[in-house]
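Shown next, in structure tokens, is the structure this report addresses.
The values are calculated or read from the model by the stated rules, or taken from the named source; none is laboratory data. Not measured: the values here are computed from a predicted model. All Cβ positions, even for glycine, are placed from backbone atoms using ideal geometry, and neighbour counts span all protein chains on display.
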Amino acid sequence: MGVNMDQDEQMERRIDAVVEDDVRRGYRVKEVPDNLLRSLREALDGEPTVPQFTHVRFNKITPKKKRMINEAVIRRYHADVQNMALLSSARLRELNIERGEWSVEQEKRMQWLERETNRMMRDLYADGFSARETWATSLIDASAELRGMYEKGLNEDGEELLNEEQRTDLVATFDRWLEWTPATQDLMNVKFGELFDGVYKVDTDYGRLIEMYPLEEAVTLLGTIDDLRDRLNRYVECVNYREELLKLQIKQGKMLSESVEQRRDMTEEMARLYYCAEICNEAGVGLTPLTPAFDALWDLPEDVVNWLLVEIFFFFEGTPDVEGARDFLAQWGFIAAPEQTSKNGAKESSDESPEALSSSTDSPPADKTPADSSASMTPTI
């Protein structure tokens, strides 16, 4: 416990130092990942003017930059509101509901999923989510140990407590209880429902196990197994909910992606990037604009733009530029997990997160557009 506290304190001090340094300097320098450098080089084939850079400096917003950002947004917005071919988000929603492509029920389902997944992620994080890779292993080991105790059926003094028939029944009950998950409830009803008036009751079997073999060590181990299984079940359920939420967000994002409001928001994000990010060297000097003109930002590769938007969002929000501070977001897929490289230099995809998502608890992402990245990094936990 002392070691973990020391590590937590060291991480906290490191995070505080990084944040303090960013605040003092008023900027942050980031190295462009290797996979994005490849994207920039590949983009040269189709657009020879695409800039090549290895480091980017993100700067704080000054009153002058804020004015220029607002002017860029107003120019685009005023032009869009006069274009009758462009519709508002409200009108697009109405039309899609009329055509049966969207519904109020889907909106309510999205809201419920957002609340529920935020709650579940918060609870799992409090339960030690970072150590989830060990949950399954611990569950297997503990289950094997308890099953061995059931098979022997001995008391505290090592004497026989259960006869062979009782031991067989105990093991069968344990195996049945262990087989249950929320997803297998219907199957359990079919297989064992006749023993439970038609509906399998996992809590009933849990009580039976304690009653049949009340040895303190066995009861404690059973509780540990129940807790581990509950964490794993909640994790799987949360992943499934997040996948469902993502599908709805993508569908809504496609529906609203070219609305007047979405175009305005995208312009604001891109304008903040254009006026507050610059190409530099490793030391943060030798500054030049990302692109010669604002509209040329759209010529950059999509993955590069998305990365830039994520990083500038983190800078503006004061998210520390240390690996530990982003683990939670990467694990749940709010940002892509970093690309890993094997010992032989081959690329490896990280399986830290259940899905590489770019989703928002406030507003849905557009379908693969640069604008969907910065408004949605931080889950409500």
(message) Restricting to the stretch 51-90, name every residue that is touching a residue at least 60 places away in the same chain (Cβ under 8 Å) and of a type in the set (D, E, K, R).
(response) Arg57, Lys60, Lys65, Arg76, Asp80
(message) Yes or no: the stretch 228-250 includes at least one residue that is surrounded by 17 or more Cβ atoms within 10 Å (Cβ to Cβ), among the acidic types (Asp, Glu), over 30 Å from Ser103 (Cα atoms) and out of contact with any Phe, Trp or Tyr (no Cβ under 7 Å at 6 or more places or on another chain).
(response) no
(message) Criterion first (within 29 Å of Asn240 (Cβ to Cβ), modelled with pLDDT under 95 and assigned to a helix (DSSP H, G or I)) does Ala142 satisfy it?
(response) no
(request) Sort through Pro292, Pro301 and tell me the only one that's loosely packed, with under 15 Cβ neighbours inside 10 Å and closer than 22 Å to Glu42 by Cβ. (result) Pro292
(request) Test Arg122 against the criterion of being in contact with a Pro (Cβ under 9 Å, 6 or more places away or on another chain), over 14 Å from Asp227 (Cα atoms) and not assigned by TED's automatic domain parsing to the domain that holds Arg231, and give yes or no. (result) yes
(request) With respect to Glu165, determine if the residue is loosely packed, with under 13 Cβ neighbours inside 10 Å, in the same structural domain as Glu211 (by TED's automatic domain parsing) and outside any helix (DSSP H, G or I). (result) no
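Here is a yes/no grid of residues against (1) at pLDDT 95 or above; (2) within 16 Å of Trp298 (Cα to Cα); (3) assigned by TED's automatic domain parsing to the domain that holds Met266:
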| position | (1), (2), (3) |
| --- | --- |
| Ala43 | no, yes, yes |
| Val50 | no, yes, yes |
| Ala72 | yes, yes, yes |
| Glu94 | yes, no, yes |
(message) Residue under question is Phe174, and the condition is that it be in the same structural domain as Ala142 (by TED's automatic domain parsing), under 20 Å from Trp135 (Cβ atoms) and modelled with pLDDT of 95 or more; does it hold?
(response) yes
(message) If Gln82 meets every condition in (1) under 30 Å from Thr181 (Cβ atoms); (2) out of contact with any helix residue (DSSP H, G or I) (no Cβ under 7 Å at 6 or more places or on another chain); (3) polar (S, T, N, Q) apart from one, which number is that one?
(response) (1)
